[in-house]
Structure formats: structure tokens, C-alpha cells
Amino acid sequence: MKKAVSLAFVAAFTGLWLSQVWAYEGGSVKDGGTISGAVKFKGSAPAPKKLDINKDKEVCAKTPKNDPSLIVSGGNLVNAVVSITDIKKGKKADPQKVTLDQKGCEYHPHVVALVAGSSVEILNPDGILHNVHSYSKVNSAFNVAQPKFKKAMTQKIDKPEIISVKCDVHGWMSGWLFVAEHPYFSVTDKSGSFKLTDVPPGTYTVEVWHETLGKQTQKVTVKSKEEAKVTFEMGK
Ligand SMILES: [Cu+2]
């Protein structure tokens, strides 16, 4: 018993020590550089897969929907998140208020990136019941019904984690919350492009994450007031 207690103390203090050593420090960045580029899909683009909308059709099936788990647009990979994995000091990481809209029984945007400590405002303009369910392990998971009269609700996300979000009412609804420790992240749109600004000069590991294709990293050196160009190619 005594041993278990002291072990627990050691674990707690080690955890505290690690969190202090590794914590991100935000402030002002003078003469930083930029990391920009694009994420390309390697190979021939898969044909869009139609989703089977089998519930609340009068609202959810108004517009046809495609599987959002792999979207390629003109050779560009959409909804990939590019971030720096090993930056310890840089621009301010102020919590924000970001929006996850369930309009038409689909999450918009499909991938929301945010700094830890931010709040997610979850909107329900559909006039039907949704149930937002987060599959988080580091943060406490939430599983909340959002009836038709509840147009908005807010969830605060405290710790860095990539969280899958689903609706328990509509099985096809799927989204992601990419929660970062610092503000150096960018989600690709149809152009596949990304941009990380005000990066202090140095050499970093830049990572791209995609829900279906996994992760890839590259070492990138940033020089003051210069733009470092990076291209990622992801395939199955
Ligand atoms: Cu729903």
C-alpha cells in the first residue's frame, strides 16, 4: 500500500516535471519566417464515395453527400493538418472560439484545428436532434444530445489531442477536432496549401496528419523573414 502511494507520487511529480519542461511558451516573435507549401495526393484520385443518408431525409438528404474521409481535389489533399511537432517557443497561443456547424447533417468544417484551451461552439441549425459524441482519450469525452430547439452549445477542450467526433443519431456524420499545444497549424483546403507564419528561425519537424492516410514528417529549416517551401505527398 505504502509503495503504491509513493509510486503514485513519483508518477505525479514526473508528470508535472515533464509538463513544465515541455510546455509551449508563447510570446512575441520578431523577424520570424514562414513555412508554406502544399499537400498532394500520390496516385490517381479515388472516386468520391456517396454516403447513404437513411434518416431524417427531408433535412439531411437535401443535398447529396460524399464520404469526407478522403477528399482529393485536382491532385490536392483536402482536410490534412500541417503542424510543427517540436516547437517550444513562438507566437502567442491564445485560446479561440471556433465553430463546428452541423448544417445539413454534416460537420462544417470537417476538420477543425484549434489551440488547447479553446472553446468549440457547436451549432445545430437543422431543426432536428443531433447527438455530439467525442471519442477523446486525453480530454474528457463528451456525449451530448442537441435537440432541435438548442441552436448552439459550447465545449471547452483543454489538452492537445486529435479527437474524432460523431453523431449518435446520424451514423454517417463524422468530424475531427485537431487540438494543438501551440498556434503553428494549418488545415488544407481544395488547393492543398498551408501556411505557418511567424516561426522563429530554427530547424523543425513539420508533420502532416490525415485521418485516412496517417502521418508524415519532414525537417524544415526556417530563416528570418524568409519562406521555406515544403511539399508533402501522401498516398495509400
Ligand atoms: Cu446528427
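The values are calculated or read from the model by the stated rules, or taken from the named source; none is laboratory data. None of the values given here were measured: they were computed from a predicted structure. Cβ sites come from the backbone with ideal geometry, for glycine too, and all protein chains shown count toward neighbours. Ligands, DNA and RNA are excluded from the accessible area calculation, which covers all protein heavy atoms including side chains. Shrake-Rupley method; radii C 1.70, N 1.55, O 1.52, S 1.80 Å.
For (1) at pLDDT 95 or above; (2) touching a Cys at 6+ places or on another chain (Cβ under 9 Å), each residue gets a yes or a no:
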position	(1), (2)
53	yes, yes
61	yes, yes
64	no, no
91	yes, no
108	yes, no
Quick count over the stretch 124-138, residues being within 12 Å of the ligand (Cβ to nearest atom) and buried (at least 19 other Cβ atoms within 10 Å of the Cβ), is 4
Over the stretch 127-171, the set of residues touching a strand residue (DSSP E or B) at 6+ places or on another chain (Cβ under 9 Å) and aromatic (Phe, Trp, Tyr) is 135, 142
Item to complete: Restrict the check to the stretch 125-134 and report whether at least one residue is of a type in the set (Val, Ile, Thr), in contact (Cβ under 8 Å) with a residue 12 or more places away in the chain and not in a strand (DSSP E or B).
Response: yes
Of (1) within 16 Å of the ligand (Cβ to nearest atom); (2) more than 19 Å from residue 134 (Cα to Cα); (3) in a strand (DSSP E or B), residue 100 satisfies every one except (2)
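Okay, residues lined up against (1) in contact with a His (Cβ under 6 Å, 6 or more places away or on another chain); (2) buried (at least 20 other Cβ atoms within 10 Å of the Cβ); (3) at negative phi:
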position	(1), (2), (3)
24	yes, no, yes
29	no, no, yes
33	no, yes, yes
49	no, no, yes
58	no, no, yes
77	no, yes, yes
86	no, no, yes
99	no, no, yes
111	no, yes, yes
Scanning the stretch 147-174 residue by residue, those free of Cβ contacts under 8 Å to residues at least 40 places away in the same chain, part of a strand (DSSP E or B) and within 10 Å of the ligand (Cβ to nearest atom) turn out to be 166
When every residue in the stretch 175-185 that is under 24 Å from residue 40 (Cα atoms) and open to solvent by 20 Å² or more (accessible area, probe 1.4 Å) is compared, the one nearest to the ligand (Cβ to nearest atom) is 176
